[in-house]
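This report concerns only the one structure given below.
The values are calculated or read from the model by the stated rules, or taken from the named source; none is laboratory data. Note that this is a predicted model, so its numbers are computed, not measured. As a convention, Cβ positions derive from the backbone with ideal geometry for all residues, glycine included, and neighbour counts pool all protein chains shown. Protein only, heavy atoms only, side chains kept; ligands, DNA and RNA dropped before computing areas. Shrake-Rupley method; radii C 1.70, N 1.55, O 1.52, S 1.80 Å.
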Amino acid sequence: MTLLDSAPPSVADPASPTPTRPRRAGSLRAPLVGIAVTLVLAELLPRAGLIGGDALPPLSSVVAELVRQLGDSTLWEALGQTMRTWAVGLVLAVTGGVVVGVLIGLAPVLRELTASTVEFLRPIPSVALIPAVILLFGTGYQSGVVLIVYAGFWQVLVQVLYGVQDIDPVAEETARSYHAGPWALVRHLVWPTALPFVFTGVRLAASVALVLAITGELVIGTPGIGSAIAVAQSSGATTVTFALVVLTGVLGVLVNVAFRAAERSLLSWHPSVRRAGGAR
Amino acid sequence: MTADTTAVIGSPRSTVDSIVRVTGLKKVYESNRGPVEAIGDITFDVPRGQFACIVGPSGAGKTTLLKCLAGLLSPTAGEVVLEGERVDGPPRGMAVVFQEYGRSLFPWKTVQQNVELPLRLKKTPRDQREHKVAEALTAVGLADRGHAFPWQLSGGMQQRVAIARAIAYEPHVLLMDEPFAAVDAQTRADLEDLVRSLWQDLGVTTLFVTHDVDEAVYLGERVLVLSASPTCVLDDITVDLPADREQVDTRSSARFAALRTRVHRGIQDAKAGRRTPSEQPA
């Protein structure tokens, strides 16, 4: 299942780098109903024993187990290890993607030279590299970082390339007519123009990084939430297994919410955020 | 000054202090369907401190000429000389106000930061920057809008910000590319009077490109009429209206009508493909 998840998701539409849509107050009820139905099903289906027999515990016992686990320091240690891999990998991927993206984006020659290579390397699923990465980097957390950097780098790079292409010719002529040098152009024009795209790239990379941090631990056995899931599964602790799975879901949501909030505050000038927040 | 500015094309170059000299300017674009000659041969001088308007029919290469003047395009032949130096990139002493104010102002910067940016690029010390920005915003009537973002302002106000940005830079030559083409008529009249009074206060040489005959006559001391592409200067008209102009009185005066007629005739000649003005009383 994770194999599918880690394939690079399709690139966001460059015309709408931040697909944030304002949600009307009236439509808030529908998602709540959806959540309620899901919760009820997650409780009733296992109790009815229709799927997997005893291997699928009802939601209430999974949640109870998760709460119990949260009082245990081993869970927090594993969580810390997973998040360290995630954060280190993400920072490296974003830094690399932004720097390389701006350089390539601003030099048409580099762009043409690298286009086909990028198109070949980008679709390689990071998980396909696991065996090679183990050979090269061993079974430490560094291997997880390498997987994340590989997958996240392309996400950010492609978005930055779109962002640099989005520079308004009139804005560029304005900057040039006022004698902006290369560094001033990047700082005052290229970077702010690309920023909404960078955010999209970072959000995509952050989700992929979480998938890969856990995949790496599951497959390689590096300590973390992933290996905790593997251990719980092999020792027959099905409720613990599902409690940890739910935890990874919560992590994913938190990561996404945090980045969206950062996006809204840093891009308050951008049309997509302006619309969502109303005129100020 | 006025005697020189009436110089007919082809007459000996004036010896007054010309801040801008355009000589034999030619611009040919390479396109898929072969070379396109946008500018044929343009020659003119602008004395220091003059307000000159450049008009021409649509597609007369007005924007191409402006970009060559601004150093944003390099000419195929001929040269632009600004204050004795040949222009081969954006010159130091020039500021440009573009037609598309909404795209020329940076939406991620406040009004104040937008006006300040050229000064930062010019390495003006911070305390002077603040003073100059405040002064420029006051001059365009936006002293209290410094902390707003451009997109929170009306179109006319945005163009005022762009003008403030240009004058805060303290250019020797101010280049304006159809700056009021995208605002409504009343705002346009206000902005015309603003530009006119800024020119009178600051004495900055102003080159104002427009397609509007009335605007050219109302604003300028001189109107250059461009021919159709490949462009040359078809007519060079001295606007001998009083220095103090007023939207209603000036525009309804007999002299304004006569000048307007001559410029309009020039535009019609240009559209008909003529390269020199047809016979008419000035």
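Within region B:48-73, the set of residues being assigned to a helix (DSSP H, G or I) and open to solvent by 10 Å² or more (accessible area, probe 1.4 Å) comprises B:62, B:63, B:64, B:67. For residue A:244, state whether it is at pLDDT 90 or above, within 30 Å of residue A:80 (Cβ to Cβ), crowded, with 16+ Cβ neighbours inside 10 Å and not hydroxyl-bearing (Ser, Thr, Tyr). It is true that residue A:244 is at pLDDT 90 or above, within 30 Å of residue A:80 (Cβ to Cβ), crowded, with 16+ Cβ neighbours inside 10 Å and not hydroxyl-bearing (Ser, Thr, Tyr). Where residues in region B:148-171 are in contact (Cβ under 8 Å) with a residue 24 or more places away in the chain and away from chain A (no Cβ under 14 Å), which of them is farthest from residue B:18 (Cα to Cα)? My answer is B:155.
Scanning region B:172-208 for residues that are open to solvent by 10 Å² or more (accessible area, probe 1.4 Å) and free of Cβ contacts under 8 Å to residues at least 40 places away in the same chain yields B:183, B:184, B:185, B:186, B:187, B:188, B:190, B:197, B:202.
Of the set (1) under 30 Å from residue A:219 (Cα atoms); (2) open to solvent by less than 20 Å² (accessible area, probe 1.4 Å), all apply to residue A:170 but (1).
Does residue A:191 meet the test of being closer than 28 Å to residue B:119 by Cβ, out of contact with any helix residue (DSSP H, G or I) (no Cβ under 9 Å at 6 or more places or on another chain) and at pLDDT 90 or above? The answer is no for residue A:191. Where helices (runs of 4 or more DSSP H) fall wholly inside region A:155-233, the ranges with 1 or more residues that are under 21 Å from the mean Cα position of the chain (by Cα), within 14 Å of chain B (Cβ to nearest Cβ) and under 30 Å from residue B:64 (Cβ atoms) are A:191-220.
Per-residue answers, yes or no, for (1) aliphatic (A, V, I, L, M); (2) surrounded by 20 or more Cβ atoms within 10 Å (Cβ to Cβ):
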site	(1), (2)
A:98	yes, yes
A:136	yes, no
A:144	no, yes
A:149	yes, yes
A:152	no, yes
A:157	yes, yes
